[in-house]
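Please treat every number below as a calculation from the coordinates, not as lab data. Owing to the predicted nature of the structure, the values given are computational and were not obtained by experimental measurement. Note that we place each Cβ from the backbone using ideal geometry, even for glycine, and neighbour counts take in every protein chain shown.
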Amino acid sequence: MSIVVGYFAYRAQANLPGVQLPDQGNLHIASADSPHVPYNSDPPTSGPHLPYIAPWGVHTRPIVRELQVHNLEDSGVLVQYNCECPELVAKLKVIVQRYDKHVILAPYPGMKSRIALTAWTRIDTLDELDETRVTRFIEAYRGIDHHK
């Protein structure tokens, strides 16, 4: 019986969107400049973070990594982009605005991909918009609290 349960748990995990990364914990730090262990992804998906969150919704300025992580811990998903691409941003904005909370859209200059989707210990990266993939990621992880 335990083998059957384990198999279905594995299958459920295998079908979740994005790549799972090791959990780096949820230590609060005093400021974004406070020394802390390096994040294991960029953008980050867990680890040290500020004691408050960014407002949910659409942002026109980058959100510091140490703030992003607290939003992820508090049930959030971040959709970030790295381009001067008003058409793409407009399409992402339509997707993000379907949700009243627990989703953020923001620029993230310097990341390797054009689009990054992050949730607690999960990341997916895209170079072209796939609305179904973005929505599936948001639906899979939005609203799951990760406080320990």
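Structure notes:
- Expressed as a fraction of 2.2 N^0.38 Å, the value expected for a compact globular protein of N residues, the C-alpha radius of gyration of region 46-148 is 0.96.
- Cα pair count fraction exceeding 17 Å, expressed as % - region 14-100: 53
- Bridgeable aspartates and glutamates around LYS101 (alpha carbons under 14 Å apart, same-chain partners fewer than 8 residues away excluded): GLU73, ASP74, GLU139, ASP145.
- Length gained on full extension, HIS147 to ALA30: 40.3 nm, using 0.36 nm per residue less the C-alpha separation.
- In terms of other Cβ atoms within 10 Å, VAL94, VAL69, VAL64 run from fewest to most in the order VAL94, VAL64, VAL69.
- Set of region 101-115 residues, backbone N closer than 17 Å to the point 7 Å along the Cα-Cβ line of GLU87: 114-115
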